[in-house]
Every structure is written in structure tokens, then in C-alpha cells.
Amino acid sequence: MGKLIVENKTIVVPGETLAEGMDYLPGNGTYRIGEKILAEKLGLVNVDGRALKLIPLAGRYSPKINDTIIAKVIDVTLNGWRLETNSAYTAMLPVKDATAQYIARGANLTAFFDIGDHVVAKITNVTSQKLVDVSTKGPGLRKLAGGRIIGVNPYKVPRIIGKQGSMVSMIKDATNCKITVGQNGFIWIDGEPKEILRAVNAVRMIDENSHMKGLTDKVKEFLQVGGEAK
Amino acid sequence: MSNDQKQHMIKSFKQGVRFDERGLEDFRKLTISCKPSKTAEGSAVVKLGDTEVIAGIKMMVGTPFPDRPEDGVIMVNAEFLPLASPDFESGPPGIDSIELSRVVDRGIRESHAMDLKKLCIKKGEKVWIVSIDICTLNDDGNLLDAAALAALAALKSTRFPGYDGEEVNYKELTDDKLPLAQEPIPVTVYKAGDVFFVDPTKEEQKNVDARLTITSLGDGNLCAMQKGGEQPFTLDEISKIVDLATKRSKDLRKEIDKL
Amino acid sequence: MSYTKRKDNRGFDDFRKVEAKAGVIKNADGSAYFKIGNTIAYAAVYGPRELYPRFLQNPTKGILRCNYNMMPFSGMGERVRPGPSRRSKEISMVTQKALIPVLDLSEYPNAVVDVFIELTETDAGSRCAGICAASMALADAGLKMRDLVTAVSVGKVDDKVVVDLDYAEEAYEDGHVADIPIAYIPSTGEFSLLQMDGIISTDEFIEALTLAKKAMPRLYEIQKKALKEKYLLFHGNEEKGEKNE
């Protein structure tokens, strides 16, 4: 008979034994050595019937196709823009995927996106060698003007967005700020300076306490009392 | 950071709203812990918000400079360790860490903070060499002020090692302190657009056009300065900066006095 | 002569007092602090990130770079001149070899994971303290790894086989001394760092390794606990609450 060594939702570190025996199956973030299943990352154990997997709690962003990210223009080349993605890899934004507008050959590309600009882009391709292509053509994809960009742990992004965007909507409504959350952990916030600061503090609160029980209520309360204290 | 975001920061600062809850003229929370390193004859860790710097003092016996046969020697060195920031690289000291160490050095040297004559063991032959090494642990802006405070706190915590005339005994420190006559305290005032502020985070510091470090003494006199950044200052601006810096240095001095 | 009592009254199979903490350097992707006796190591991990110059890149997997450095005031005795030395370069190299067997960087072709180890204070055992801190920092950085790596030195002082020699023991003059820094992968029982200097008999050497295997699980528990503490959220919340008061 197999035996589960750790409970569901416990935090484990690499090398920690999660289960013994062949009844359990190693999923993402776990591996089998002999009769044992061990953790392969720092994470939260998820037991789903006989399947064990880990929900990672830390780490840099890894580019994935169809992710919407916030990226920074770091170079303008002959046929497009090179973007910094908050990951180990830069992305290429080819001229043809930049805008619905016609760009003539030899046009001044900096008129569209200049070095230092931030854009909301969608990842269209990631090769095995991690060459990343993005597009800024599509709903919501654009150059970001003004505002403030902060970085959060990319693994907390789903929590910051909330179910059907509930969490981020709540912050938007309470602060009257425009907010765009990139899957890569960059978040853009624009509005009145004081309100931006409140929104930033609310986001940081989620980032730092993402697994706290009743987080939504705590954030709500925080935004109601003014959100001055961090 | 793009120009756009810089304009946004300036707009925000003009309304008195920084990237955290402070006012423009406020420092982050300062904590100083003394003697974090037992191998140093004196040491201190300074935290300014998330900026963290360690300074350590090593005492050695060596020969004085020929033109100053009765004076002990002070050396200041700063290492921007790649441990402390993704922007720091391994390798020989870059210009930023050289500048920092020289500004700290000037503050200590030009204020005659240390009575160098008291570091003389035998005129022309043997003097104490006080080596101040500053290492970054985490860079979240305003390294310069944090580093100088760490250096000063480390000097204050220093005890001479034993010395029998031949060899330094590092295993047993004496009760003797360094001959510190002055305590130079630096405050750097930063400028972005036409807004002035102190102690920026790294995110704020990226938008800085110019800065001026003013090192001042307990009696209110100034002992060292350094202007940085690519924008010039007017006389009015400089006078405003000096006022702000001396005001803030009094607060910092209270923390140093507690040590 | 016989070596009968250790300076701090610990047993011959005991290591010195250990303190460990994860997440000590905010800017880093992962970080840790590891103190054993009077030896203190900080480790910061940056990456996976872009690797330049390009010729260093490996198209099949990410590479691990380690850098061990003693702060100028961290040595017993005189100031250590800043910058790399032959010693620190060798330690950086063996540290990398000690850690690489547990790491899987196949998801990061052409990229690099940088580990920076800094010592603020040393009293022997600094490379092992560095490896303990580094393996915690790698886990804290969320990297894929089979296990943590645990490290401590064992050896011999006069007629006794001991764990975790301090500087005074390394400098013992009334009999033979051997110092054997070891890194160990607990889940497989394998050694990934093994160096030795000094004089020891074959039997004593095997005895020393056996002693190391016995001491490692206790160190490993300290590393694990420290890592979890960072992520145990209620605890974390309380701490943050206090800081703001």
C-alpha cells in the first residue's frame, strides 16, 4: 500500500519525500526515485486522488505562448523591436505584428515604439531554444503611456487577477486606476498619484500574502480604510 | 525607465506623493547594527528601507607615508557586490563604487574625523593603518548615504587589536577605541525635473537628473561635497539643498549618537 | 597526546551552532543566510538570465556559475585583499561542482544561473557554509532541483575523528590534523564535494565520512525549516505587521 507522507497544501522543499509506494503518481514538480515520490521544487503540495503535483511558489517568469505580458523596448532593429520580458529571454516584435497600420519599408520605427517604452504584448511563439516572438496587434495590446510599472512574483499573478478578474477589478474600482497585469509579473498602474500608491500597496499586499485566508476581504478592507498603511 | 514614466514620477512628486508613503524630505527607516562581523575589529550593518550595506574595519601596522611620518593611514574601499543587485557585475571596482569610496573617504579625512597623530606607533617607521571596507548587501537606492553611515558606525565600534611591538594579535581586542574627533554625516539630496528629495528607492533613483551629497559635522560645518548627475544646479538650488541636507543630518546624527 | 575536549564543549560528532534564513536579499531571485559557529555566508541567486558573452552559452541547457568571495574584513587575522584569488577561484569551481548534480537547467538553454556567495565573517568551514547557503538560495529561486545540498567539513584532530573543525582545530599543533570538506545529497546519499588536506589513516578517513553521513540529516533539517519559514504565510504576516509599527 502506498502512503502519503505530506498533507495536501503543505509547503515542501526540493528533495522532500511526498509519498511512498507505487500507488501515487508523480506529476509536475515531483519525481520518482525507487518507491518514493519526491519534490523537485519549492512549492505547495497538491494531492488530486492518486496524482501528486507541486504548485510552485517562486521563480522567474518563463515565456509561454498566448501569455499577455508587459515588456520593455530595449533595441530597435531593421525589422522590428527587441523586448525585455522579465525572464531569461528577450522577445522579438516583428514590424508586421506591431500594428494594423501600414509601415513602409525603411520607416522610422521609433515613431511607433522607442527604446524605454513599455508595451502590452502577446506571445505568439516560443521555440525549443526559447526564441520568443510577440505581437502588439489585438485587443488590449498597446504601448503604455505614463503610469507606473511594478514587478511582482509571477506565480502570484493569478491571485492578483482573481477569479474572472475579480481582485483586479476591485482595486480598479476602489482607486479609479487603470491597471494592466502582465503574466510575466509586470503590472502597469495609472491614475491619480495618491490612488496609484493605494493600488500599488494593494497589489503588494496580495503579492506578499497570496495564500492568506480571506485575502479578498482583507484587500477590500485595506482599500476602504484608505490604504495608507502598507 | 522611459521618459514618460519619469514625467509621471515628477508629476506625482509635485503633489507630494512618492513611490512609498514618505514625504519628499523623509528618509526610510534606518537601522544600524554594530559588530555583525567578529573577524573585523569594528563593523556595522546599515539598513535604509531595503538598502543594506555592511562596513568592516581591519587594523594593520605598517609604514607611514614619507611626507607624513607621524600620521596613521586611513583607506576606504567599496565593493558593489553582484550579490546585491542584478545590475552589479563581477570584476574590478567600477566608477560608481570608486566614487562612493572616495566621497566617504573625503568626509572622514577632510573633517579630521580621526586624529591621525594618535595612530602613530613610531615616527617614520610604524603607524596604524585603518582599513575601511564597505560591501553592499542589497541595493534599493541611496547607497551613498547608507555606506557612509555604515563606515562611521563601524569606526565607532572599532577596538584596537593587541600589539606587542612586533605582531598584531587579532585574537584579543583591547578596550581602546579609535581617536574619533568628529562624526561626519552625509546626506544626499536628489533632483528630478524641478523636484528635490532625499533617500530615493532604486525605482525613484532611476529618474534622477542630479544629486548633491553634503557631508556635515556636529557643529553644523560642512566637510565634504560631491555633485553627481548630468544636470547643473543654480545657487538658489544649492542653498536649498544645503538647508535640507543639514536638517536631515541632525536626525541621522541622533541615530549615530545612540551607538 | 590526546585531544580530549573541544573548545566549546561540543561532542566530537557535533557541528557548531547553526542559524539559517531564506530570502535575506530582496533584489535576488533567491537568497539565504547560513551561519555555523562564527562563519557566516550569504548567498544570492540571480537567474535564469541572459548569458553574455555568447560563446559561453550552452544551447542544450542553462549553465550554473558560482562565485565565492570573502569580504576584506572576514578573515581571521589580516585584511583579505578584495577581488578574486587563486583560492577563491578554486572554491568557486568546487562549489559549482557540488551543486550542479542536483540542478536541472534543461528548461533554460543559453541562459545562466548566477550564485554569489559572500562571507562576512569566517572561522573555518566557509566553503561548506557557502554551499549550504547556495543550495537554499537555489531552492528559494524556485529552480528545479532533485534535492538540497548539505555541506560540512569532517576530519581529524590528533587522535579524534571530528565533525566541523573550527579554525583553532585546523591549526592544532600537537598532533596530526586533517580537514575534509564534504557536500552531500541526502536523498541519494552521494557526495558531491570531497577535498582533503592534512594527514589521516585510511580507516579514520572512512570513519570521518561515516560521521559526516550521520551529521548531515540534522543540518539538512535546519536548511529545510529555514526555507519553509519564509513561505509559511501566517508567520510571515505577523512579522511584517511588527516591522511597520
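We did not get these values from a lab; they are worked out from the coordinates using the rules stated. Just so it is clear, the model here is predicted, and its values are computed rather than measured. All Cβ positions, even for glycine, are placed from backbone atoms using ideal geometry, and neighbour counts span all protein chains on display.
Can you tell me the FRET efficiency between residue B:238 and residue B:177 if r is taken as the Cβ-Cβ distance and R0 is 45 Å, rounded to the nearest 0.05? Walk me through the numbers before you get to the answer.
Values: r = 36 Å, r/R0 = 0.80.
Here the calculated transfer efficiency is 0.80.
Where Rh denotes the Kirkwood radius from the mean inverse Cα pair distance, what is Rg over Rh for segment B:12-257?
In segment B:12-257, Rg relative to Rh is 0.99.
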Cα-projected label distance for residue B:164 with residue C:225, points at 7 Å along beta-carbon direction, nm: 4.3 nm
Ranked list, fewest to most other Cβ atoms within 10 Å of each Cβ, for A:10, C:4: C:4, A:10
Cα shape, chain A, gyration tensor, a/c 1.5 rule: oblate
Local net charge near residue C:21, Cβ-Cβ under 11 Å (Lys/Arg +1, Asp/Glu -1): 0
Tilt relative to chain A, helix A:193-208 - C-alpha long axis, 0 to 90 degrees, to 10: 30 degrees
Two-site FRET efficiency, residue C:201 against residue C:14, from Cβ-Cβ distance with R₀ of 22 Å, rounded to 0.05: 0.45
Contact order normalised by residue count of chain B, Cα under 8 Å, 6+ apart, percent: 21 percent
Theoretical ellipticity at 222 nm over the protein assembly as shown - DSSP helices of four or more residues, -39500 (n - 2.57) apiece, nearest 500: -8000 deg cm²/dmol
GNM flexibility winner over chain C from C:39, C:210, C:122 (Cα, springs under 10 Å): C:210
Inter-label distance, nm, simple model (7 Å from Cα along the C-beta direction), residue A:23/residue C:86: 6.0 nm
Percent of C-alpha pairs per 10 Å bin, chain C, short to long: 8, 31, 34, 20, 7, 1
Footprinting exposure proxy for A:69, B:95, B:32 (fewest neighbouring C-beta atoms within 10 Å first): B:95, B:32, A:69
Where labels lie 7 Å past Cα in the beta-carbon direction, separation of residue B:253 and residue C:104 in nm: 6.1 nm
Cβ-Cβ FRET estimate between residue A:173 and residue A:48, R0 fixed at 25 Å, reported to 0.05: 0.10
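Restricting to the protein assembly as shown, compute how many DSSP beta bridges are antiparallel as a %, nearest 5.
On the way: 134 of 154 bridges.
So the antiparallel bridges amount to about 85 percent of the total.
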Part-to-part distance (alpha-carbon centres) for segment C:58-74 and segment A:1-58, which is given in Å: 30 Å
Inverse mean reciprocal Cα-Cα distance (Kirkwood Rh) of segment A:3-56, Å: 10.3 Å
Residue with peak Gaussian network fluctuation, chain B [Cα springs, cutoff 10 Å], from B:61, B:45, B:17: B:17
Packing-based exposure ordering (other Cβ within 10 Å, fewest first) of C:128, A:177: A:177, C:128
Using alpha-carbon coordinates, inclination of helix C:126-140 to the longest axis of chain C, degrees: 30 degrees
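Which net charge results when you count Lys and Arg as +1 and Asp and Glu as -1 among the other residues whose beta-carbon is under 15 Å from that of residue A:144?
Overall, the nearby charge balance is +2.
With the Cα gyration tensor of the protein assembly as shown in hand, convert its eigenvalues to equivalent ellipsoid semi-axes via √(5λ) and list them largest first in whole Å. Walk me through the numbers before you get to the answer.
Values: eigenvalues 360, 295, 101 Å².
Calculated on Cα positions only, the semi-axes equal 42, 38, 23 Å.
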Nearest-ten-degree value, helix B:235-257 long axis tilted from longest Cα axis of chain B: 50 degrees
